[in-house]
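What follows is one structure encoded as structure tokens, with my remarks underneath.
Each value in this text was obtained by applying a stated rule to the coordinates, not by laboratory testing. Note that the structure is a prediction, hence the values are computed from the model and not measured. Cβ placement follows ideal geometry from the backbone for every residue including glycine, while neighbour counts extend to all protein chains displayed.
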There are 2 protein chains.
Amino acid sequence: MTDQSTPEATSPNSPSAVSAPTTPDAPARAGLSRRQLLGTAGATGLVFGAAGAAVGYTTAPADATPLTSLGAKRAMFHGKHQPGIVDPPQARGHLIAFDLAPGAGRKEAAALLRRWSTTAERLMAGEPAPHDDTGIALDAGPSSLTITFGFGRSFFDRTGLQKQRPGALEPLPDFSSDRLDKARSDGDLWVQIGANDALVAFHALRALQKDAGGAARVRWQMNGFNRSPGATAHPMTTRNLMGQVDGTRNPKPSDPDFEQRVFVPADGEPAWMANGSYAVVRRIRMLLDEWEKLSLAQQENVIGRRKSDGAPLSGGTETTEMDLEKTGKDGSYVIPVNAHARITRPDQNGGAAMLRRPFSYHDGFDADGTPDAGLLFICWQADPLRGFIPVQRKLDRGDALSPYIRHEASGLFAVPGGAAKGEYVGQRLLEG
Amino acid sequence: MTDQSTPEATSPNSPSAVSAPTTPDAPARAGLSRRQLLGTAGATGLVFGAAGAAVGYTTAPADATPLTSLGAKRAMFHGKHQPGIVDPPQARGHLIAFDLAPGAGRKEAAALLRRWSTTAERLMAGEPAPHDDTGIALDAGPSSLTITFGFGRSFFDRTGLQKQRPGALEPLPDFSSDRLDKARSDGDLWVQIGANDALVAFHALRALQKDAGGAARVRWQMNGFNRSPGATAHPMTTRNLMGQVDGTRNPKPSDPDFEQRVFVPADGEPAWMANGSYAVVRRIRMLLDEWEKLSLAQQENVIGRRKSDGAPLSGGTETTEMDLEKTGKDGSYVIPVNAHARITRPDQNGGAAMLRRPFSYHDGFDADGTPDAGLLFICWQADPLRGFIPVQRKLDRGDALSPYIRHEASGLFAVPGGAAKGEYVGQRLLEG
């Protein structure tokens with residue numbers, strides 16, 4: 001058991017002390033677990049607004065020790081952008097879409113986003129939910145929890161806000177490999193939850209579902225995972241369930257055009273989407289039984305990269321530029337013309353680029369033993385027309401990977417910029 | 001991202017160097033990732049038996065850095081007992097049951113257990129599978145992977161080994177709260193996989209499924225999770241999805257009667273079960289919507305313990321003995337007569353005790369928004385007639401928790417002792 005203590009000052013940690021710059025994965029301010037926070041509250045009579053009183057945990061013991069490193073990591077709720085976009089992908093993820101309930105409109109949606117924002121801020125700080133906390137995350141630290149909110153196209157009809165609907169929310173085109181389940185696609189509202197502890201993530205999921213109350217109903221919900229922090233010596237590299245190194249060419253925050261590619265400009269349109277981003281969500285099932293019948297060489301030709309380390313078949317290491325013109329002894333391209341990596345390369349797509357931040361998923365086996373597993377593909381871009389759509393169109397015409405995957409669900413969501421202190425996510429839309 | 005490096009000597013790590021005493025969660029021998037191992041193999045021309053050659057990863061780069069602590073932790077395959085019983089519960093778990101294929105009998109089962117044992121030994125050491133490795137766990141360390149094999153009652157009919165069937169495998173009695181799905185219950189063979197990295201766990205699941213080949217078919221499969229190492233400052237305490245501290249009274253390896261309660265004696269019956277254990281597996285759905293409608297006081301009366309810290313309602317801390325006779329001002333017991341903790345207390349059940357080592361599960365939401373979530377209850381005992389059965393009978397007659405849970409699947413498996421070096425799990429049964 002890793003037990004890397006990070007003792008820090010035990011300054012009072014009230015909600016008003018929670019503000020901070022957007023520092024992904026900053027250590028929790030005081031290195032305190034929920035139990036410690038509650039213990040302090042009990043000893044001093046302090047409560048966190050309604051939280052301590054509502055939950056009633058005034059009897060927590062004083063024997064708590066400082067949080068270990070994984071639990072103590074904390075992402076910030078307030079900031080220029082919402083959390084969960086640039087933050088490192090977490091080990092556990094929940095995606096959930098809601099539809100507004102019959103009779104609920106703009107007013108109820110605004111109240112819901114306000115409740116959700118309050119809850120998200122507290123939970124990301126490692127505190128209990130404002131009301132009727134379930135206790136599932138007690139003892140645990142924030143564990144890099146992020147909560148991200150988005151609006152689907154149908155939201156604007158339901159709330160009478162059609163004039164505020166971004167052009168970027170036009171429905172995605174049909175692709176030939178789509179086998180979309182409409183019941184698990186789209187939705188008025190979308191929430192992405194990520195955390196490095198599965199109980200912290202589930203705690204957030206239930207708290208947000210409760211907040212929805214009578215205002216919104218669950219439309220679909222999916223669970224995913226990524227590598228655990230510390231499981232590999234290569235923290236920048238992730239693999240998918242096909243065993244491929246995944247995300248090598250992802251734009252990096254240090255790239256000069258990163259902000260421009262991923263986020264709507266501060267003076268962009270519509271104004272309420274300033275510093276926001278668009279998320280394309282696709283449940284991509286991997287046909288693993290078929291994929292695993294291929295030889296290693298066949299798999300590498302499908303992708304255009306070596307499986308061992310992700311280096312292009314034209315040579316070098318994972319980060320070496322592909323040599324698309326390189327030919328083998330027989331005169332054919334070393335990286336086949338239909339190789340996935342060739343087709344998705346930004347300079348082959350008019351510079352289209354998106355930030356991929358997926359989770360893998362595994363929902364058991366079908367009755368015949370086929371795994372229901374693959375990728376909860378999530379990509380982020382300033383404009384889907386210059387990100388996902390052109391790349392997917394090109395893949396649709398000749399990606400060697402196509403026979404081994406199946407797009408089973410799809411969503412496109414407008415994710416507004418981060419909430420300022422005292423503001424809730426989407427306030428500029430709902431009260432604009 | 002936690003990046004606690006644990007540089008260690010880089011001694012050659014061939015399969016023959018993998019033997020070791022049963023030391024749960026011992027650091028991996030040389031602190032090497034799969035990639036490093038493969039890189040070394042590539043540089044020196046060494047391969048791990050058939051593995052390196054079959055996988056063909058001879059081009060791995062030399063830039064690998066030492067594994068971080070979570071990935072480097074390693075449990076041992078060989079030993080007195082199988083792994084995955086006394087080892088700390090891992091963050092990710094897979095349960096899978098197989099039925100032997102039509103026409104497959106004792107011979108095919110023996111060959112399968114031999115394949116599975118070879119694969120389990122390699123994977124638990126952080127090496128690739130012996131054949132056609134999928135690559136899903138490349139880069140990652142063992143991550144405390146454990147793989148445990150068991151036999152169900154039907155296995156003995158299918159293999160003509162009825163005379164070797166333990167009396168302890170008599171079918172469990174029916175309980176009034178059972179709503180069992182037969183398709184997700186029982187099975188000829190049962191495998192438990194646990195790891196602190198979800199990709200390492202899935203890699204093992206697929207490798208074992210492939211090993212089954214034409215000899216056995218998946219009957220059912222379930223996924224679970226526990227708290228991540230380091231998420232909480234209280235590593236000994238876990239919580240379930242009801243928010244309760246769970247497992248407080250679990251027997252501890254330091255207890256004088258621990259071995260006797262959990263494991264079949266070395267001279268026990270049948271002889272092939274020496275040092276083995278019996279696993280009862282129950283998929284227990286939690287009716288969370290109903291549970292969460294209760295007040296904190298109501299929840300605590302159902303359990304008999306405080307939610308905040310797991311202390312008995314009669315006072316003290318989590319580890320304080322319950323005072324079952326203590327009464328309140330109105331003369332009634334402070335710990336109600338039907339409180340879950342009262343009914344399950346070993347001294348109220350003729351000393352019955354079992355080692356609970358569950359995973360939580362969450363398989364999404366039903367169409368009406370109800371979470372399909374709860375506990376993959378797994379308990380270990382030397383004899384189910386003195387462990388699970390008497391406790392469950394008593395719970396069945398008046399547990400205050402009953403209205404909030406539903407047993408949806410059930411299995412009982414004979415888990416033989418650990419394999420000695422050169423032996424496979426179950427060999428003493430299948431070649432006895």
Exercise. Sorted from shortest, what are the nm distances separating the label point of A:SER176 from equivalent points in the other copies, each placed 7 Å from Cα along Cα to C-beta?
Worked result: 6.2
Problem set entry | Pairs from B:LYS73/B:LYS421; A:LYS421/B:LYS73; B:LYS73/B:LYS107 whose Cα-Cα separation, in the structure shown, is over 32 Å | A:LYS421/B:LYS73; B:LYS73/B:LYS107
Exercise. Quick one: if the Förster radius is 30 Å, what FRET efficiency do B:LEU294 and A:ASP267 give, using the C-beta to C-beta distance and rounding to 0.05?
Worked result: 0.05
Seminar exercise, completed: So for R0 = 56 Å, FRET eff. of A:GLN260-B:LYS80 from the Cβ-Cβ r, to 0.05, ends up at 0.35
Exercise. Using θ = phi - 60° and the Karplus curve 6.51 cos²θ - 1.76 cosθ + 1.60, what whole-Hz ³J(HN,Hα) does each residue of segment B:417-431 get, with Gly and Pro shown as x?
Worked result: x, x, 7, 6, 3, x, 10, 10, 5, x, 4, 5, 7, 7, 10
Seminar exercise, completed: Distance in nm between A:ASP372 and A:LYS252 label points, each 7 Å along Cα→Cβ, equals 3.9 nm
Problem set entry | P(r), alpha carbons of segment A:93-153 - 5 Å bins starting at zero, rounded % | 4, 15, 23, 24, 17, 11, 6, 1
Problem set entry | Label distances, nm, A:ASP330 versus same residue in remaining copies, Cβ-directed 7 Å point | 8.4
Exercise. Roughly speaking, what is the stretch gain from B:THR320 to B:ASP347, that is 0.36 nm per residue apart minus the C-alpha to C-alpha distance, in nm to one decimal?
Worked result: 8.2 nm
Problem set entry | Order of A:ARG92, B:ARG114 under a 10 Å beta carbon neighbour criterion, fewest first | B:ARG114, A:ARG92
For this session: Quick one: with label points 7 Å out along Cα→Cβ, list the inter-copy distances for A:PRO253 in nm, shortest first?
Result: 4.0
Exercise. Rounded to a whole number of µm²/s, how large is the Stokes-Einstein D of segment B:241-298 at 37 °C and 0.692 mPa s, given Rh as the Kirkwood radius over C-alpha pairs?
Worked result: 219 µm²/s
Seminar exercise, completed: Residues other than A:GLY276 with Cβ under 13 Å of its Cβ, Lys/Arg counted +1 and Asp/Glu -1, net out at -2
Exercise. Quick one: Karplus J couplings for segment A:394-399, per residue in order, coefficients 6.51, -1.76, 1.60, θ = phi - 60°, nearest Hz, x for Gly and Pro?
Worked result: 5, 4, 4, 8, x, 7
Exercise. Sequence-distant or interchain residues sharing an amide H contact under 5 Å with B:GLY364, placed H: which?
Worked result: B:ASP372
Exercise. For segment B:207-240 and segment A:353-423, what is the separation of their C-alpha centers, rounded to whole Å?
Worked result: 26 Å
Exercise. In terms of the Cα gyration tensor, with a ≥ b ≥ c the square roots of its eigenvalues, is segment A:105-255 rounded because a/c is under 1.5, prolate because a/b exceeds b/c, or oblate?
Worked result: oblate
Seminar exercise, completed: For segment B:136-186, Rg(Cα) over 2.2 N^0.38 Å is 1.75
Exercise. What is the distance, in nm, between label points placed 7 Å from the Cα along the Cα-to-Cβ direction at B:HIS131 and at A:ARG179?
Worked result: 2.8 nm
